[in-house]
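These notes are about the structure you will find just below.
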Amino acid sequence: MKRTSKRVIAFFLILVLVLSLCACAQKQQAGTDEPNRSADGETLSGMPDQKLPEKLRPGAGGSDMQPTPTGFSAEAEQSLVWLRERMAFPQTMFGAAYLGYVEKAGDWLSAADQAMLEEYPFLAEIDETRIIGSSGHLYGIVPLDENATVAINRVRWNENTDTYENTEVCYRSENGEPVLLFANLDGVAYETDTQVWITDNRGNSCEWWPSLDALSCLVPCVSDDGDYLTFDFTEYGWQGVPSELAPWLADGWSGVYASGLGGSWTTQAAAWDTDRIANYYLWFFPEDEMGGTVELYWEYEGADPSKTTWEEVWSGFWTTTSVMDGPSYVTVSLSLVGGDNYGVTDGPYYISETYPILMSPSGEEMVIGAGENEVSLPFMPKYDAQLCVLTLDSLLTDPLG
């Protein structure tokens, strides 16, 4: 009887233990349906005591932790993403670019560097609430951290304290969006009048004073340890470039060394003072890294193949100033030396002009812009020099006579 009582007691103890374990498991399973929360109810699911970042909290500028739309077109957004990928170095905190001087308020789009706007279309789509000022030297600012804090103040030098003092709070933002800033408002690019603070989500801060140095290059933001915190995305080779070349530069076309010009370049165009289409062959013969000789031949399209002479034959010299991040400038000096038109045409008989030249990424196409003095080559309209595209003829290896 005593043994039976012990068995009964043991059975009830085991039953109570099993029921307790089941209840605990049910409670734990029910808990997985709700996020872990700290005392203020602001923690991430499954991460006790880890608060949501301030900018991702509902009601604090975001919605369900989704990124805030930039308002840019797809092309502009892509150029912004591409730029941030380019400048994603460990020490970089923001990108900056010089976009030129804007003298007239309200006209910055036409006054700014057009090639830069073609390369980075998001600059032209920046909302007016993020354009600080209306005239002066124009800078583009792009924080690398999309959640960075940006603060911009106007400042002036206080001779009594030998320090800069804030005179105006111009801009405050906590979303790291690109900004256009007019600074150096008196027109002198190396005189500081604006202070920019960038602070990323890790608490790193940098202070930058927008200005240009003696070489007209952007003054960088440098840390106490000598690290460059700025990524300068100014396209210096594009400054002063004719606006019609901007789309070509944006598509990856660039300047060319003398050796890259070698060969026969062909195009079709209306012959001067006629409506007849002609085939043109422009030959560059490099002799050194500075230039060489040049010849140009042309004939009417559909000309008699048994014909042994050209309509015109030009011959001369060329030199080049190569700029790889912008157009190369090629000076061409040509004289009319032969052909059916020689001695018959009313001229010109001599051409000497400097032309901007861009080469395609493949090296098989070349665009020649209008000359500095608007002097036309024979395949350009005689009194209205325009861009002309020529194609490398790889089958021709020797000049035709």
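The values are calculated or read from the model by the stated rules, or taken from the named source; none is laboratory data. Bear in mind that the values here come from a model prediction, so they are computed numbers and not experimental data. Only protein heavy atoms, including side chains, enter the accessible area calculation; ligands, DNA and RNA are left aside. Shrake-Rupley method; radii C 1.70, N 1.55, O 1.52, S 1.80 Å.
Provide the per residue accessible area, probe 1.4 Å, for the range 239-347, rounded to a whole number of square angstrom.
On the way: 5150 Å² over 109 residues.
For the range 239-347, the solvent-accessible area averages 47 Å² per residue.
What whole-number volume per residue, in cubic angstrom, does the convex hull of the C-alpha atoms of the range 268-351 give? Show your work: numbers first, answer last.
On the way: hull volume 9.9 nm³, N = 84.
It comes to 118 Å³ per residue, whole-number rounded.
Enter the accessible area per residue of the range 92-142 (Å², integer; probe 1.4 Å; all protein chains in place). Working shown, then result.
Details: 1830 Å² over 51 residues.
Spelled out: the 1.4 Å probe surface of the range 92-142, per residue, equals 36 Å².
For the range 139-214, just list the percent of Cα-Cα distances falling in each 10 Å bin from zero outward, please.
Whole-percent P(r) values from 0 Å outward: 19, 48, 28, 5.
Not counting ligands, DNA or RNA, and with a 1.4 Å probe, what is Arg86's accessible surface area in Å² rounded to the nearest 10?
So the heavy atoms of Arg86 present about 90 Å² to solvent.
Any chance you could look up the accessible area of Tyr101 with a 1.4 Å probe, heavy atoms only, rounded to 10 Å²?
Roughly 100 Å² of Tyr101 is accessible to a 1.4 Å probe.
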